[in-house]
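The values are calculated or read from the model by the stated rules, or taken from the named source; none is laboratory data. Predicted model, so just to flag it, every value in this text is computed and none were measured. Glycine gets a Cβ as well: all are built from the backbone with ideal geometry, and neighbour counts include every protein chain shown.
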Amino acid sequence: MDLNDSKTYYEILNISEDASEETIKKAYYDGKKMYGSESIATYALFTMEEREEIINNMSLAYEMLIDPVKRREYDLGLKSTVSSTSSTALKKNASVEEKKNHKVADSLEPSLEATDANIISGFQQRLVVMDDENITISAESYRILGSKIHQIAQSSSSRVFAITSALQGEGKTITSVNLAYIMASQFKSKTLLLECDFRKPSISSKYLGNAQKQGLVDVVKGNASLSDVILRLDKSDLYVLPATQQVQNSAELLASSQMSEILEKLRKKFVYIIVDCPPILYLADVDIISKMVDGVLLVVMAGKTARDIVTKALSSISKKQDRGRRKSDSGHSNVVGVVLNGAKEAMRKYYYHYQ
């Protein structure tokens, strides 16, 4: 399978069409490092053939764009209305994803756009993933995870993903936050980080400095509107809707018609929605959420979560799927992956395993 058959050479290297020679070189060598055989983040994600294909496409893109003459000819081919069949097809396919994203993004009503008062800054300082030159193992892994989620979305039209864990303290929230940032920044898509952990919300305190007083809980209760509580990361496509307050009747709120209506409205406004869920030990909450999303990611902590607990957690989600499919031919959520968090590099166990 050609993982890059819908992309231009610029998109293969994830650079703009006016990128400098230095930027092209950096993108190429960073890409080779990310998908190379020594990459801890990718050795369990892609087969050897897939990695070789990705690197080969990067090499073709690099050879074309690093040569000024070849690049000029390539650019003319992209812009020309009369071009070769392959060039025209490449340009057409490359624009499909962008047009689809813009179609969804442009549908954001003014009432849902974050106002100037809802713009937040400093959020990035608390992220593992940063737009810096240093690619750490953790940052690289989140980028690869984002790429896999993007592939799943493109092949199945899944856009709403729930992040949960078997137990507390396994890193589901930090995974949710960093994944949402990646989907917004790497794929230039309007992405919403939606906090549905009503029992123990932490996004407001850990990432927003408790500055947000109202959130999703208030909207569900009818005490606030979406435009009042949706936040937007300054100069980015990342939006945040925290829960802010802790409630005991979380299952009742999540199962309410108001919650369903809110999520359906948000589906129409965002390209991706990353849902931070409670741990599976709160079975009623996860059961409700899993039926409202397109896919579920399970986060487990290396050296902490026992194998039988992981198996039980996966089985629990699968049973929820089966119940959903008996109710509807289209089915409900599915487990799209398991994220192993906190493994040591030396043990080469820092990986994400996908079904």
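Total residues in the stretch 261-280 satisfying the condition of being surrounded by fewer than 21 Cβ atoms within 10 Å (Cβ to Cβ), in contact with a helix residue (DSSP H, G or I) (Cβ under 9 Å, 6 or more places away or on another chain) and not basic (Lys, Arg): the figure is 2. Here LYS188 meets the list (1) crowded, with 17+ Cβ neighbours inside 10 Å; (2) within 18 Å of the chain's Cα centre (by Cα) almost entirely, failing just condition (1). Considering each residue of the stretch 135-152 in turn, at least one proves to be part of a loop (DSSP other than H, G, I, E, B) and at pLDDT below 80.
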